[in-house]
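Let me begin by presenting the structure, written as structure tokens, before commenting on it.
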Amino acid sequence: MRRKPTILTVNDNKGLGSFLKKSLKPDNFFVFACSSYSQCVRMCGSRPPDLVIIRHHLADHDSREFVRLIRKDCHSPIIIITDHPSDDELIDFLNIGANDYLGTTINADVIVAKVQAIIRTETIRQFGAPLLLNGVLRMDLVRHEVFVEKNLVGSTPKEFELLRFFLLHKGQMLFHRDILLAVWGFAHGGDVAYLRVYIGQVRKKIDLQGELIGPHLRVHFQT
């Protein structure tokens, strides 16, 4: 089972909400619709999604101020969905941190293609390449899939993030706290036992013949 990209939607129009949910099929994406402005800001700050979709004309909030607040603590790409924007409005959104915009009459296939393209671009921006390789181990960072040789290996979101962190820092001495902060955040900065449990789970899934794949992926810790 691969990790599906998480998309956070902020929208107060039921028709548009149904369209987005139907277009971004559950088999390909996990779509979470925020029920409130504060909930979205809180989620973006604690566990950033892969993409945020915001409707331009929110009834109870200025969507431009909303984008500014999200950008303070979150680097997830943002798409604005708007009815009839002026050039000045679109320029303003892009200047304050939005990545792209779509019209409300957009075709379902187009919105999926846009979403996939933006997530792919952001992945390359963050990690330098859409694929990470180490021996027979391969991670597809866009599709969130892990392969050992040609076999797809199931992983939870945190297992995927942990393995990605190790591959990005292979051959380096890693501190427990640095790993915990990068993968779990400040709330788990001292949970060394927690980290060891997850490392054990990842090892079981990708090990061949009892050896962690690749000579440079051995995990060394410094407390």
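Each reported figure results from applying straightforward, stated rules to the coordinates on display, with no laboratory input. Every value quoted in this text rests on a predicted model; they were computed, and no experiment measured them. Cβ atoms come from the backbone with ideal geometry, glycine included; neighbour counts cover every protein chain shown.
Of the residues that sit in the range 92-108 and are in a helix (DSSP H, G or I) and free of Cβ contacts under 8 Å to residues at least 60 places away in the same chain, which one is nearest to G17 (Cα to Cα)?
Start the filter on the range 92-108 by keeping residues that are in a helix (DSSP H, G or I), which leaves 92-96, 108.
Among the residues that remain, those that are also free of Cβ contacts under 8 Å to residues at least 60 places away in the same chain are: 92-96.
On the way: D92: 24, F93: 21, L94: 23, N95: 26, I96: 24 Å.
Here the residue is F93.
If only one of E149, E161, E145 is more than 17 Å from the chain's Cα centre (by Cα) and of a type in the set (D, E), which one is it?
Working: E161 fails: more than 17 Å from the chain's Cα centre (by Cα); E145 fails: more than 17 Å from the chain's Cα centre (by Cα).
None of the other options fit; the residue is E149.
Of the conditions (1) out of contact with any strand residue (DSSP E or B) (no Cβ under 8 Å at 6 or more places or on another chain); (2) more than 24 Å from R71 (Cα to Cα), R120 fails just one. Which one is it?
Every condition holds for R120 apart from (2).
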